[in-house]
Amino acid sequence: MAACPGDTASSSVLRRKIALALPPLAAAQRRLDQHPDPAAAWIAFLRGLYGSIRASVPLLETARDRARDLSPADPLAAGLVDYLRRHTEEERGHDEWLLQDLQSVGVDSTELLSRPPSGAVAALIGAQYYWVLHYHPVCILGYLMVIEGNPPNRQGLLDLQGRSGLPASAFRTMLEHADLDVDHAAELADLLDRLPLSPNHNEALGLSAISTVAGLSRVLNEVGDRLAATDSRDGARFSAQETHLDAHRAHRGGHQG
């Protein structure tokens, strides 16, 4: 549900902060959506996304354990434990789903897993570890509100599948999240509005969420830059081949004359 301008519930305030930060992320996503080769762009997007999805469960486990450690003397942390325990299990195995999606379109999982994660992914996830371990585990809810509060559009995914010519298997994980994240976002909003949040906690949630939007924008821009670099190399190779063919034709023409 969209937040009303005068709504002071914690979830509504957080959603308004996220909405203000979203334009650069929307622009980065639009850049990929408008790529002339939708199949290549989608596979590149999934490869970039995998780096963050594989970190989701370990991150949630860290937040859960930190909340549990603090809970005897911290009512806010105590209110997080059951949610984080349950949500950790809900997310378990989704990285394997995505890996299978990538394998279904020919991506070598050994090669993917052996490459160092990008700096953008490390910064996106690393910021959450810092806030969870050095401030309060509630901060992870800002990250989750961005990730799950803006679920993929099912019809948009189906349209992209048709344009790309890729098999349905390449869209399985994202289609699952198009449905799951709607309920997850509603559950998260309900939790935020029940927790005993102080002004400082609400500020930290906003910082976490805005950092997450910026981090995701950087991840998608990295993907777009890699695609552009590949396009440039392919264009240069094509131009060189055409130049070679032109020279060959001119040479043959000279001999025939």
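Checked against (1) more than 19 Å from the chain's Cα centre (by Cα); (2) over 15 Å from Ser11 (Cβ atoms); (3) in contact (Cβ under 8 Å) with a residue 24 or more places away in the chain, Asn153 passes all but condition (1). Which condition number in (1) surrounded by fewer than 16 Cβ atoms within 10 Å (Cβ to Cβ); (2) under 21 Å from Gln29 (Cα atoms) is the one that Gly106 fails? If we test Gly106 against (1) surrounded by fewer than 16 Cβ atoms within 10 Å (Cβ to Cβ); (2) under 21 Å from Gln29 (Cα atoms), just (2) comes out false. Only one of the listed residues (Ala41, Ala63) is touching a residue at least 60 places away in the same chain (Cβ under 8 Å), part of a helix (DSSP H, G or I) and closer than 18 Å to Leu191 by Cβ. That residue is Ala63.
Within the range 1-60, which residues are among the β-branched types (Val, Ile, Thr), exposed (fewer than 15 other Cβ atoms within 10 Å of the Cβ) and closer than 16 Å to Pro151 by Cα?
None - no residue of the range 1-60 is among the β-branched types (Val, Ile, Thr), exposed (fewer than 15 other Cβ atoms within 10 Å of the Cβ) and closer than 16 Å to Pro151 by Cα, so the list stays empty.
Considering every residue within the range 105-117, establish whether at least one is under 27 Å from Asp179 (Cβ atoms), outside any loop (DSSP other than H, G, I, E, B) and at pLDDT 95 or above.
Kept after step one, since they are under 27 Å from Asp179 (Cβ atoms), are these residues of the range 105-117: 105-107, 109, 112.
From the residues that got through so far, the ones that are outside any loop (DSSP other than H, G, I, E, B) too are 109, 112.
Subset that is at pLDDT 95 or above: none.
Taking every residue of the range 105-117 in turn, none turns out to be under 27 Å from Asp179 (Cβ atoms), outside any loop (DSSP other than H, G, I, E, B) and at pLDDT 95 or above.
The set of residues in the range 21-35 that are in contact (Cβ under 8 Å) with a residue 60 or more places away in the chain and more than 17 Å from the chain's Cα centre (by Cα) contains only His35. For the range 26-38, the count of residues that are under 26 Å from Val132 (Cβ atoms) and modelled with pLDDT of 95 or more is nonzero. Counting the residues of the range 189-210 that are of a type in the set (Gly, Ala, Ser) and outside any helix (DSSP H, G or I) gives 1.
Would you check if Arg218 is basic (Lys, Arg), surrounded by 14 or more Cβ atoms within 10 Å (Cβ to Cβ) and at pLDDT 95 or above? Judged against the criteria, Arg218 is a match.
Against the test of being of a type in the set (Gly, Ala, Ser) and either under 12 Å from the mean Cα position of the chain (by Cα) or on the phi > 0 side of the Ramachandran plot (or both), the options Ser217, Ser118, Ser164, Ser169 yield a single qualifying residue, Ser217. The lone criterion from (1) surrounded by 15 or more Cβ atoms within 10 Å (Cβ to Cβ); (2) modelled with pLDDT of 95 or more; (3) charged (D, E, K, R) left unmet by Glu203 is number (1).
Would you mention how many residues in the range 159-173 are assigned to a helix (DSSP H, G or I) and touching a residue at least 40 places away in the same chain (Cβ under 8 Å)?
Within the range 159-173, the first condition is being assigned to a helix (DSSP H, G or I), and the residues that meet it are 159-164, 168-173.
Narrowing the set further to residues that are touching a residue at least 40 places away in the same chain (Cβ under 8 Å) leaves 160, 163-164, 169-173.
Of the residues in the range 159-173, 8 are assigned to a helix (DSSP H, G or I) and touching a residue at least 40 places away in the same chain (Cβ under 8 Å).
The values are calculated or read from the model by the stated rules, or taken from the named source; none is laboratory data. Since the structure is predicted, the reported quantities are computational estimates derived from the model, not experimental observations. Note: ideal-geometry Cβ built from the backbone for every residue, glycine included; neighbour counts use all protein chains shown.
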